[in-house]
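*Asks:* Handing you this structure, nothing more for now.
Read the figures in this text as sums done on the coordinates, not as results from a lab. Given the structure is predicted, the values throughout are model-derived calculations rather than measurements. We place every Cβ from the backbone using ideal geometry, glycine too, and count neighbours over all the protein chains shown.
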Amino acid sequence: RKSNGPSHIQDGDVEVWDGPPNPLANDDRKPTPAAFLPRKSNGPSRIRDGGVEVWDGRSDPLANDDIKPAAVAYLPKNEAAVVAVATPSPVVRVLEIFPDADVNYVKKKLLEQGNNIEVVVLVMSENDDYPKQKKGSLTDATLGIKANKANTIIRAIKFTESKHEYSSLTASFDLSANYQTEATQQLLYDFSFIKKRIIQDILRENRGRYTLTRNYIQDTVVGKSPNSPATAKVGSEAAARVEKQENENYQLLRSILIRGCLPRNAKERFGGKQRCLERPRKKIGVPRPSINDPFLRDEILHYEKQFEKWMSNIQDRMRGQAANKIALENGSSVECSCCYDDVAISECIPCKEKGHLLCKTCMVEYVKNQVFSCGNLGIDKLTKKPALEIKCCDASGCNSGFRDELLEKILPPKIWEKYSEMQGKAQIEQAGLGENLAMCPKCGYQAEVPETQNHFECPVEGCQFVSCRKCGKASHIPLRCEEALQQSRQDEGRLKIEEALSEAKMRTCPDPKCKQKFVKIDGCNKMTCPCGMTMCYVCRMPLKNIKGDVYRTHFCGNHDCDHLSCGKCKMYSNDEEDDAQAMREAGIAAKEEHESKYRKEDRTAAINTTLDVDEMMRDPSRPNNKKRESNRRVFER
């Protein structure tokens, strides 16, 4: 009564906010239902894709961010809201672990223990005779366990798996004329701290493709090395370093996505004032650019889905580490049935029948070793036959499995994909299907086809990929598998040579903060970059630290000198001859590297040596030379 603030239902109780009058009380916009922060939330809220994303300060380790929280988020009329789901109630969290438990029994136990989830789960784990729910009950649907996943966003757009490999360095796509313009606009929105000219240069260097450009920018910002280990043995010092680096990358990229700005150290790593704006472009409140190109729209949605998965995995891991620390401090931890470590109950996964708890780390390693090292799902302890699912590894000899939805939630995508594939194969073998079973390499759909049919057309809508049954690659009729493999190797080699030719043609500023690329049009071979760095156009050596007059110490101005006896570079030279020689040497080196790669992989395979570097330099109109032509146009400009 007489409350100017909103009220919302939480855990069956009504909470009324009696704060100061709302400054937007007379606004003609209506507050979106349920678009309020949880009780006593310290985390920020922001508008995203027309909705509100809310972080709960009690569960987010990054709650002390310098973003100011908003009490209520108002949306315009008739605008659909996408609201982040709040943390599930204690009843839902217990039923996620014991899905067959009676709801009334769980409520009673929580009431007795003061909503202490850890104690209730521990009591139910030790007592297998807890009341079960009746068969046919719709408890999951009624309580919304599957829908109410903590800290996930209900998306208005349903993402679908794309049939294109956008991150592939060797794949080639037929891009429209609008693609480059719209990709530039999207990248300017994604990275509001980078100059437009730099965005265009990086996009051009990465073959004009959105995914490759965004990966390059993000890797450069976080200082990621291409040779850094992606994974390491669990529990090792290397794994701890990898996790720590990923946590730092998560915080940095999250700062970029929310605020659109870079910390000083990251800005220096990316290039400083030469490549970054002093004041980032406005991002909050600015609508996303309109993307009309269907290929680019699908590529952006696919990238955001993969990137959101990565961010979610890092966030879950950080929350798990924080939960384990809190559980150890207050004595509410439980013992893992595999490693016998004390962990938080929320970081465990129970088996179906007995409720034996395994921590997520052990579960991931267990499934990984089983599917990749052993190549099977284990043995069923009752039937003594190959198991159709992963079995509990508790010391008591439990033969129970684990719920697929829980495994999918904790397993990395590659491990889950392999596990699902082995599950399907085991079920097919048990069903006794024939050998004429074909599988789509893109979506994994399987079906029986006639033995005489050499290719498989996937009937799944949205996939419809045509593959070769023998090699599993894209259909290459009328070529044989060996001929198609040889052709793909030749195309790959041609692409590498073209990149080497382009790189040899261009010069790069030796200043690590600049890295500007350029070519000489006229003049002497002493080149001065706009950043002030000087370099030799012939040998590409920086001239900044050379003592004395560089025109005398590094260059030779005698036109009759062969420059072998003096050991100096030419002051003036024919640019076309110098570039042609450098390009030819780089092309031959790239060709040799490509052929040696396949000699090591398969010494018996015949290496196609039809790649002619001189011919590629003379005739850029040959097939697969589109990149070469585009580079020539850039150099002419």
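*Asks:* Compute the normalised compactness of the range 332-467: alpha-carbon radius of gyration over 2.2 N^0.38 Å, N being the residue count.
*Replies:* Details: Rg = 17.8 Å, N = 136, 2.2 N^0.38 = 14.2 Å.
Here the answer is 1.25, to two decimals.
*Asks:* So for F456, F295, fewest C-beta neighbours within 10 Å to most, what's the order? Please report the intermediate quantities before stating the final value.
*Replies:* On the way: F456 22, F295 18.
Ordered from fewest to most neighbouring Cβ atoms within 10 Å, F456, F295 come out as F295, F456.
*Asks:* Moving on. Mind running the shape call on the range 89-133? Use the C-alpha gyration tensor, a ≥ b ≥ c as the square roots of the eigenvalues: rounded below 1.5 for a/c, prolate if a/b tops b/c, oblate otherwise. Spell out each step's value before the answer.
*Replies:* Working: a/c = 1.41, a/b = 1.20, b/c = 1.17.
Because its axes are fairly even, with a/c under 1.5, the range 89-133 counts as rounded.
*Asks:* Contour minus end-to-end for E268 and L437, with contour as 0.36 nm per residue of separation and end-to-end as the Cα-Cα distance? Spell out each step's value before the answer.
*Replies:* On the way: separation 169, 0.36 × 169 = 60.84 nm, distance 5.55 nm.
Extending this stretch completely gives an extra 55.3 nm.
*Asks:* R0 = 56 Å: FRET efficiency of R197 with K352, Cβ-based, nearest 0.05? Don't skip to the answer; put the middle values down first.
*Replies:* On the way: r = 59 Å, r/R0 = 1.04.
Given R0 = 56 Å and the Cβ-Cβ separation, E is 0.45.
*Asks:* Beta carbons within 10 angstrom, averaged per residue: use that to sort the peptides 183-193, 531-541, highest first. Numbers along the way, then the final one.
*Replies:* Working: 183-193: 20.5, 531-541: 16.2.
In decreasing order of mean packing, 183-193, 531-541 become 183-193, 531-541.
*Asks:* Can I ask one more? For each of E593, E243, count neighbouring Cβ atoms within 10 Å of the residue's Cβ, then give the residues from fewest to most. Before the final figure, lay out the partial values.
*Replies:* Details: E593 13, E243 16.
Sorted ascending by nearby Cβ count, the order is E593, E243.
*Asks:* If r is the Cβ-Cβ distance from L111 to E461 and R0 is 51 Å, what FRET efficiency results, to the nearest 0.05? All intermediate terms of the calculation are to be shown ahead of the outcome.
*Replies:* Working: r = 49 Å, r/R0 = 0.96.
Calculated value: 0.55.
*Asks:* Please arrange E585, E182, E576 by how many other C-beta atoms lie within 10 Å of their C-beta, fewest to most. Numbers along the way, then the final one.
*Replies:* Details: E585 13, E182 19, E576 8.
Lowest count first: E576, E585, E182.
*Asks:* What distance in nm lies between label points placed 7 Å from Cα along the C-beta direction at V449 and E482?
*Replies:* Taking the two extended label points, one gets 2.2 nm.
*Asks:* Report the residues of the range 487-504 in range of a label on R204: point 7 Å along Cα→C-beta, backbone N strictly under 19 Å from it.
*Replies:* In the range 487-504, the label zone of R204 (backbone N under 19 Å from the point 7 Å along Cα→Cβ) covers 498-504.
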